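Working notes, beginning with the structure itself.
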Amino acid sequence: QVQLVESGGGLVQAGGSLRLSCAASGRTIGSLGMGWFRQAPGQEREFVTAITWRGITLYAEPVKGRFTISRDNAKNTVYLQMDSLKPEDTAVYHCAADPRGYSSTDYRTYNYWGQGTQVTVSS
């Protein structure tokens, strides 16, 4: 079992930055693929970014060039650096873990999820 806890969300003005953290417990994340998804009110869950156990990254088009995912296996933590934020980035951001170690865009391949952290970007 893997427990995931996100932190770092908040309210920020458009153009600003936030860094989200996802702290894992229960097992080390070294062999896991890790992803970030987001969900805005009334909308479906949306893939944001993911990183394989080897550190290969994948980004959704809307966030390319603005968001950066990274992992620190020693700290058992994954990060999401979000720059140049836009109002349309407003959502609850969830961290997820894929036991296969891949960076899938399909939320169904992730077995473990955090409770999410709210990100609100004002215009």
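Every read-out reported here was derived from the displayed coordinates using simple, explicitly stated rules and does not represent laboratory data. Note that the structure is predicted; figures quoted are calculated from it, not measured. Cβ: placed from backbone, ideal geometry, glycine included. Neighbour counts: every protein chain shown.
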Review point. Calculated FRET efficiency, S25 and I56, Cβ-Cβ r, R0 25 Å, to nearest 0.05?
Key: 0.55
Study note, to complete from the structure: Charge tally for neighbours of N111 with beta carbon under 13 Å away, counting Lys, Arg as +1 and Asp, Glu as -1, is +1
Practice item. Could you work out how far apart the two model spin labels at A40 and D83 are, taking each label as a point 7 Å from the Cα in the direction of the beta carbon, and quote it in nm? Key: 2.3
Practice item. At most 11 other Cβ atoms within 10 Å and a DSSP loop assignment: could you name the trypsin sites (Lys or Arg not before Pro) in the stretch 16-123 that fit? Key: R54, K64
Review point. ³J(HN,Hα) across the stretch 80-94 via Karplus (A = 6.51, B = -1.76, C = 1.60, θ = phi - 60°), whole Hz, x for Gly/Pro?
Key: 10, 8, 10, 10, 6, 5, 10, x, 6, 7, 4, 4, 8, 9, 10
Exercise for review: Using only the Cα atoms of the stretch 29-123, each taken as one equal point scatterer with no solvent, compute I(q) by the Debye sum, divide by I(0), and report log10 of the ratio at q = 0.10, 0.14, 0.20, 0.23 Å⁻¹.
Suggested key: -0.23, -0.46, -0.94, -1.22
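Calculate, in nm to one decimal, what S17 and T109 gain on full extension: separation in residues at 0.36 nm each, minus their alpha carbon distance.
Between S17 and T109, full extension yields 30.2 nm more.
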Point to revise | Mean separation of Cα contacts under 8 Å, 6 or more apart, over the residue count of the stretch 11-60: relative contact order % | key: 26
Practice item. Over the chain, calculate the relative contact order: mean separation of alpha carbon pairs under 8 Å at least 6 apart, over the residue count, as a percent. Key: 37
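Given 0.36 nm per residue, what is the gain on full extension from T120 to K64 after removing their alpha carbon distance, in nm?
On the way: separation 56, 0.36 × 56 = 20.16 nm, distance 1.90 nm.
Gain in length upon complete extension: 18.3 nm.
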